[in-house]
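The values are calculated or read from the model by the stated rules, or taken from the named source; none is laboratory data. All of these numbers come straight from a predicted model, not from anything done at the bench. In this analysis, Cβ positions are derived from the backbone assuming ideal geometry, glycine residues included, and neighbour counts consider all displayed protein chains.
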Amino acid sequence: MNRVAICAGLLCGMVNAGFAQQPSANNDSAVCTFQDGKQVSVLYTEESTAGQELPAGKLWTPGKTPMLLFTEAALSVGNSEIPIGAYSMYFIPQKDSWTLVLNKNVTAGSKYDEHQDLLRVPMQIGQVSEPDKQFRVLFGRLSPKVCSLRMYFGKTGSWLEFQEK
């Protein structure tokens, strides 16, 4: 039992050390827990939306730092599958739709490499009545095996659903 506790402590320390390079003052996270206790989470950099416009048709990430998606469960989104692991997240915003890009490269400070993309999935978008002053990411659990990822930038809301496999 003590070995398990020691190994768990060391693993947590290694995970924290691996992301110590990321500035923490502006980082935020969103988490969704499936009924079986497995989680999907997103770590992102907060960014003010005041006076900003999204780069239509171009790869974008808030705070100019890729968001990170962590999943303890195999997932499906659209017609694509996401294995257990960590991924960097990017978006391609358009006027009428957004595209989620999941990339296998999670090395801090590395440049985006399209050849490392795991998937590109269209997201639904809509307008909210009150604009957010900060970029926000939220999760909502819709059913025992479905978590909805929701993002808000100004008056735009975008979302998609992750299904636990």
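Would you check if Gly37 is under 25 Å from Pro122 (Cβ atoms) and either touching a Gly at 6+ places or on another chain (Cβ under 9 Å) or in a loop (DSSP other than H, G, I, E, B) (or both)? So Gly37 fails the test. Taking the numbered list (1) modelled with pLDDT of 95 or more; (2) within 18 Å of Ser29 (Cβ to Cβ); (3) over 15 Å from the mean Cα position of the chain (by Cα) in turn, Ser143 passes all entries but (2). Within region 107-125, is even one residue over 18 Å from Leu59 (Cα atoms) and either touching a Leu at 6+ places or on another chain (Cβ under 7 Å) or part of a strand (DSSP E or B) (or both)? The answer is no; no qualifying residue exists. Against the test of being among the charged types (D, E, K, R) and exposed (fewer than 14 other Cβ atoms within 10 Å of the Cβ), the options Lys104, Lys64 yield a single qualifying residue, Lys64. Only residues that are farther than 22 Å from Phe70 by Cα, of a type in the set (A, V, I, L, M, F, W, C) and surrounded by fewer than 14 Cβ atoms within 10 Å (Cβ to Cβ) were counted across region 116-159, and they come to 1.
Results for (1) small (Gly, Ala, Ser); (2) more than 13 Å from Lys165 (Cα to Cα); (3) touching a residue at least 24 places away in the same chain (Cβ under 8 Å), shown as yes or no for each residue.
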{"site": "Val40", "(1), (2), (3)": "no, no, yes"}
{"site": "Leu43", "(1), (2), (3)": "no, yes, yes"}
{"site": "Ala50", "(1), (2), (3)": "yes, yes, yes"}
{"site": "Gly57", "(1), (2), (3)": "yes, yes, yes"}
{"site": "Pro66", "(1), (2), (3)": "no, yes, yes"}
{"site": "Gly78", "(1), (2), (3)": "yes, no, yes"}
{"site": "Pro83", "(1), (2), (3)": "no, no, no"}
